[in-house]
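Let me begin by presenting the structure, written as structure tokens, before commenting on it.
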Amino acid sequence: MNPLPRMHGAARVLAACLVSLAGVCSARPLAVSEPVRGWTILSDSAPDAAITIAAAPGYQVNHIQLSHQIVHDLREIKADKKRDLVNELTRAAHSAGVAEVVLWDHTLYKLDYYPKQFRTGPGGTIDLDNPQFWKWFQEDYRQMLDRVPDVDGLVLTFIETGARAERQHSTVLKSNAEKLARVVDAVADVVVGERKLNLYVRTFSYTRKEYANVLGAIALLKRPDIRLMMKETPHDFFLTHPDDPYAGTIARPTIMEFDIAGEFNGQGIIATTWPEYVLRRCRAFAKRPHIIGYTARTDRYGSTRLVGRPAEINLLALRRGVENPQVTAEEVYDEFITARYGAAALPEVKAAFKNAYPVITSSLYTLGTSMASHSQLDYDKSSSSYVRHVSGKWMDPPIGYVGHGVNREFHYWRDTINHLAPPSVKNPKGSQWSEVPEVVSSGWIQPGEGMTEEYLRYIVTEKKHGVALAEESVEQIRKARPKVRPEDYGALDDYFQRTLLTARIHRATAAAWFGSRTWGRGKEFQTEFVRRTTQDGLDEIKAVAQQIRDYPRKPAAGQWDWRRDADAAERYYNRIMTDGWQTR
């Protein structure tokens, strides 16, 4: 089957998916000997999910996860609407030939979910030593699973959940790891032991210390047939993060979770076409023992599905990388673009696609750290960009190289964060700084404003680099216009025009905000370069914000509302002007 089918009406696809189940015999939990080739659907848009499911056989997908907006906690299927959607999509996937469909779950749920008679520990916590609680807990899982009889397993996140297991009461369970393991074992007894389904335990951690709890709990799990699912990166999906150091090193069957949809990296709304990046991650994990496959996120809510759009190339890269360790990014580009847009357009479309990674990492990132909250423009509302999400948190030493015309190494904390972080974030008593005690004790972060002309020049150089590449991509697509179908040209032009406007709004806002902070330090810092850079940024904010608002075609919508970046940029403009730009 052609892995790159051209999609038509969603209703037609849904009808094709929901064919009679007669003769469909492949629906079953995958054996541990079977490699897992999975996709994860997050959006509860049934038409978009149907299009994704219809494409799955062409990629030899044998495992689909239904998560997030479809079902985040298994308890949600107690609502008939959720149950019906889950059952509809499960049947559609099985009908399409996907063997295994699994649902997401997070346990424990919020405390008030559990009957009061079990919340008798200090502070109303659950008494984990009460055997009646565990009887109720397992019966609850039986009843929930009864409502979705065709599913083949669960993906269970057991840390950083509503009522954190390690905070519940027990005199028998002496450690956090024991409490966590007790919860997982109780779920596994029902899911694996009684129902003969698969259970994938999903790890998640903010710190190395929390990872110790996770690994300790995994070591205590009783059932050897409990599997693991681990992210490609530690904590969250940032392009500059290192590979997860633990994935594939634990002696349990493990599938890797890839965020092909770019939660923090454009969400497929702007250019996120980077086979090189996908293949690099894929090959790194292929060398590790215990890896039995992967699952790839295929959207970031709403209508942001990748299938049928340019970033579907990343799904192809992952498939080809698993099939053939020697496949090159060039081969992936050639296959995808030729099949989707025609061989004649290959040189121009390939050139545009190849710019995506450096555009995003020089626009949504600043000197190696993410400056976009789930892809939206946000330089200071959240402290996470300067503490929790810093890639150096997971590096030893915490040093990264920044190209983009800057072309030098930066110490993530002493250089990048110490200069870029606003003074309000630098309080070492802030909650997130407890996640990086070594940074505080090392004195790498100094109080007060750290912006200087030197760092402003680095930032401006990087942002201009992103804009220049985005402009180049737009021009390449224009050159390809005579060679592609009109509808394809329109979609590609919109894709890269949005990318260019995003790069420009980041260039403008970064210049104005970091420039005004530098200027505000006093006469010593008020150079002509700082003045001109700040004013140019302010002027560009007004121009580009209006262009974003006036853009004639609405993009796919998901977690990130692309148009609202115009409002975000103007908030910085108004703050700078209210503070009295050049009158302080």
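The values are calculated or read from the model by the stated rules, or taken from the named source; none is laboratory data. Fair warning: this is a prediction, and the values are worked out from it, not measured in the lab. With ideal geometry, Cβ positions are generated from the backbone for all residues, glycine too; neighbour counts draw on all protein chains shown.
Looking across Thr240, Thr254, Thr233, one residue alone is closer than 30 Å to Ala356 by Cβ, among the β-branched types (Val, Ile, Thr) and out of contact with any Gly (no Cβ under 7 Å at 6 or more places or on another chain). It is Thr233.
If the condition is being part of a helix (DSSP H, G or I), among the basic types (Lys, Arg), within 29 Å of the chain's Cα centre (by Cα) and surrounded by fewer than 16 Cβ atoms within 10 Å (Cβ to Cβ), then segment 74-127 contributes Lys78, Lys81. Report yes if some residue within segment 169-181 is crowded, with 20+ Cβ neighbours inside 10 Å and in contact with a strand residue (DSSP E or B) (Cβ under 8 Å, 6 or more places away or on another chain); otherwise report no. No: segment 169-181 contains no residue that is crowded, with 20+ Cβ neighbours inside 10 Å and in contact with a strand residue (DSSP E or B) (Cβ under 8 Å, 6 or more places away or on another chain). Of all residues in segment 151-174, those that are assigned to a loop (DSSP other than H, G, I, E, B) and either touching a Cys at 6+ places or on another chain (Cβ under 7 Å) or modelled with pLDDT of 95 or more (or both) total 7. Of the residues screened, Arg305 is not one that is crowded, with 21+ Cβ neighbours inside 10 Å, at pLDDT 95 or above and out of contact with any helix residue (DSSP H, G or I) (no Cβ under 9 Å at 6 or more places or on another chain). Across segment 182-206, which residue is surrounded by the most Cβ atoms within 10 Å (Cβ to Cβ) among those that are part of a helix (DSSP H, G or I) and of a type in the set (A, V, I, L, M)? It comes out as Val191.
For beta carbons closer than 7 Å, sequence separation of 6+ or different chains, a first residue in segment 417-430 that is closer than 9 Å to Met451 by Cβ and a second that is polar (S, T, N, Q) and crowded, with 19+ Cβ neighbours inside 10 Å, the qualifying pairs are Leu420/Thr366. Under the condition of being in a helix (DSSP H, G or I) and either touching a residue at least 40 places away in the same chain (Cβ under 8 Å) or of a type in the set (A, V, I, L, M, F, W, C) (or both), the residues counted in segment 447-482 number 24. Only one of the listed residues (Ser363, Ser384, Ser373) is under 21 Å from Val278 (Cα atoms) and either under 21 Å from the mean Cα position of the chain (by Cα) or not aliphatic (A, V, I, L, M) (or both). That residue is Ser363. Every listed requirement among (1) in a strand (DSSP E or B); (2) surrounded by fewer than 23 Cβ atoms within 10 Å (Cβ to Cβ) is met by Thr40 save one, (2).
Scanning segment 134-160 for residues that are under 23 Å from Glu210 (Cβ atoms), buried (at least 18 other Cβ atoms within 10 Å of the Cβ) and either free of Cβ contacts under 8 Å to residues at least 12 places away in the same chain or touching a helix residue (DSSP H, G or I) at 6+ places or on another chain (Cβ under 9 Å) (or both) turns up Leu154, Leu156, Phe158, Ile159.
In contact with a Ser or Thr (Cβ under 7 Å, 6 or more places away or on another chain), part of a loop (DSSP other than H, G, I, E, B), over 26 Å from Arg142 (Cβ atoms) and modelled with pLDDT under 95: does that describe His241? Against the criterion (in contact with a Ser or Thr (Cβ under 7 Å, 6 or more places away or on another chain), part of a loop (DSSP other than H, G, I, E, B), over 26 Å from Arg142 (Cβ atoms) and modelled with pLDDT under 95), His241 does not qualify.
Looking across segment 327-343 at every residue that is over 20 Å from Pro482 (Cβ atoms) and not charged (D, E, K, R), the one that is surrounded by the most Cβ atoms within 10 Å (Cβ to Cβ) is identified as Phe336. Among the residues of segment 216-225, some residue qualifies, meaning at least one is crowded, with 22+ Cβ neighbours inside 10 Å, in contact with a helix residue (DSSP H, G or I) (Cβ under 6 Å, 6 or more places away or on another chain) and touching a residue at least 40 places away in the same chain (Cβ under 8 Å).
The set of residues from segment 370-386 being closer than 14 Å to His419 by Cβ and of a type in the set (A, V, I, L, M) comprises just one member, Met371.
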